[in-house]
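Student: What follows is a single structure, and I will ask about it in a moment.
The values are calculated or read from the model by the stated rules, or taken from the named source; none is laboratory data. The shown structure was predicted, so the numbers you read here are calculated from the model rather than taken from an experiment. Heads up, the Cβs are rebuilt from the backbone with ideal geometry, glycines too, and the neighbour counts pull from every protein chain shown.
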Amino acid sequence: MQTILESAATSLELCSLTVGLELYSLNFWVIIKDDAFQIGSIESFHIELEASSPADFNPELQSRKWYYRFHRAITSIGFTMIEEDHRVYVKRSVKNFFILSLYMDDILLAGNNMEMIVATQKWLSSTFEMKDMGEAEYILGVKIHRDRSKKLLSLSQQTYIKRIIERFRMHNANPVDTPMDKSCVLSKELCPKREEEKKCMTKIPYARAVGSLMYAMMCTRPDLCFAVGMVSRYQSNPGPDHWVAVKRILRYLKGTSNLALCYHGGSLRLVGYNDADGSIDRDERKSTSGYAFLLGGAAITWCSKNQPCISLSTMEAEYVACTSAVQEVIWLRRFLKSLCISAHVDDAAVIYCDNTATIAYAKDPKYHGRTKHIDSRYHFIRDSIAQGEVVLRHIPTNDMIVDRFTKPLRRDAFHRHALIDPLTRAITLAL
């Protein structure tokens with residue numbers, strides 16, 4: 001088990017941040033932002049790895065030392081660290097509840113008692129060098145918009161997206177309707193083979209562009225999940241066709257910079273969607289898994305990735321994909337339970353799958369001759385179902401909202417689950 005000092009000092013799970021912001025908004029809580037990290041406030045600790053001279057200054061070590069000091073201080077006034085994310089602290093009483101989240105050099109403090117929030121903030125300011133940023137409007141480049149009367153929260157990155165469009169000189173490009181063309185097939189065969197071709201591609205900011213796109217995808221843009229995942233596979237040796245695919249994603253962003261994740265105060269029951277497709281990977285012939293989990297009307301976590309093994313059937317690919325989804329939902333359930341907020345936290349999480357054979361195989365522990373080769377680690381799903389943590393349910397393929405996480409789609413299919421939000425006038429990613 002990691003010690004406090006060994007754990008990452010400033011790396012809050014983005015999913016934790018999304019869940020926290022949603023719960024803050026739906027419960028009419030006030031969200032205060034503080035600028036927290038100040039190297040000058042670090043105390044001296046007896047640590048073997050402590051830098052002995054300015055030349056040996058280690059920013060990572062210093063941030064850990066600051067976090068250790070912060071942890072000692074905040075727990076001394078009644079806050080408890082959540083095991084599911086060591087950068088989230090809670091404080092409970094009979095009537096009051098507070099959540100404190102650390103991210104990089106920011107602190108988000110929220111709760112249902114304004115007087116107690118102000119008192120905690122004053123204590124933090126007197127103990128650390130902090131700057132009160134007022135009620136949170138931005139966090140890590142993500143715009144926070146709230147309408148308490150409608151219990152609505154939206155998260156968007158319009159400013160960030162416009163900045164990267166300018167940075168990669170795509171401001172005059174024509175927008176497109178999807179991040180990846182339906183006929184697009186990327187592979188290593190498209191990578192440069194000759195040295196002059198490779199040298200020419202070194203002038204292209206491929207890795208920087210992919211990194212910028214990945215940040216948008218991770219924070220508020222699950223619609224980029226598959227496309228960004230595909231282009232990121234070729235960062236070590238990209239070719240002209242790979243760069244065209246990256247520029248298409250930028251063109252798509254240019255026309256959809258107002259997209260937002262909108263949480264509308266719906267049920268706080270955790271619901272997941274899981275899918276797989278085996279026709280995309282031309283390099284290793286591995287299937288692509290995709291999942292998303294929704295809470296309060298929109299996605300709080302999402303993923304699209306290559307599977308670690310080659311599947312011999314659609315059922316097997318979907319079964320393997322379910323493993324990653326179940327792993328994620330178990331963490332989510334524990335995180336929500338630690339927050340003691342969701343009324344449905346003890347209910348089994350529902351994961352929708354469009355393959356009936358996968359559902360039948362997950363529920364039936366009997367021996368099947370055609371599936372005896374499947375690695376036993378993937379039968380973890382059965383144990384989760386037996387313990388009442390997860391329920392698999394069938395859904396028609398046309399209603400599978402993570403279908404676009406596993407392959408490129410035509411415009412109509414890609415946008416099937418997008419709605420217009422009347423408040424923000426932004427296209428809500430219902431996924």
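Student: Quick one: which of Ala119, Ala136 is aliphatic (A, V, I, L, M), farther than 22 Å from Leu224 by Cα and crowded, with 19+ Cβ neighbours inside 10 Å?
Tutor: Ala136
Student: Restricting attention to segment 162-171, does a residue exist that is of a type in the set (Asp, Glu) and either under 20 Å from the mean Cα position of the chain (by Cα) or surrounded by 14 or more Cβ atoms within 10 Å (Cβ to Cβ) (or both)?
Tutor: No, because not a single residue in segment 162-171 is of a type in the set (Asp, Glu) and either under 20 Å from the mean Cα position of the chain (by Cα) or surrounded by 14 or more Cβ atoms within 10 Å (Cβ to Cβ) (or both).
Student: Looking only at segment 90-102, count every residue that is touching a strand residue (DSSP E or B) at 6+ places or on another chain (Cβ under 7 Å) and part of a strand (DSSP E or B) and tell me the total.
Tutor: 8
Student: Now a separate question. Which ranges mark the helices (runs of 4 or more DSSP H) fully within segment 297-412 that have 1 or more residues being more than 23 Å from Asp277 (Cα to Cα)?
Tutor: 314-339, 380-386
Student: Next question. May I ask you to list the residues in segment 172-214 that are surrounded by 18 or more Cβ atoms within 10 Å (Cβ to Cβ) and out of contact with any helix residue (DSSP H, G or I) (no Cβ under 8 Å at 6 or more places or on another chain)?
Tutor: none
Student: Here is a check on your reading of the model: is Asp403 at pLDDT below 90, among the acidic types (Asp, Glu) and under 26 Å from the mean Cα position of the chain (by Cα)?
Tutor: Judged against the criteria, Asp403 is not a match.
Student: Looking at (1) closer than 14 Å to Cys15 by Cβ; (2) surrounded by 24 or more Cβ atoms within 10 Å (Cβ to Cβ); (3) of a type in the set (S, T, N, Q), find the lone condition where Ser338 falls short.
Tutor: (2)
Student: Identify, from the list Asn237, Asn258, the residue that is touching a Pro at 6+ places or on another chain (Cβ under 7 Å) and surrounded by fewer than 16 Cβ atoms within 10 Å (Cβ to Cβ).
Tutor: Answer to the check: Asn237.
Student: Might you let me know whether segment 130-153 holds any residue that is in the same structural domain as Ala73 (by TED's automatic domain parsing) and among the polar types (S, T, N, Q)?
Tutor: No: zero hits.
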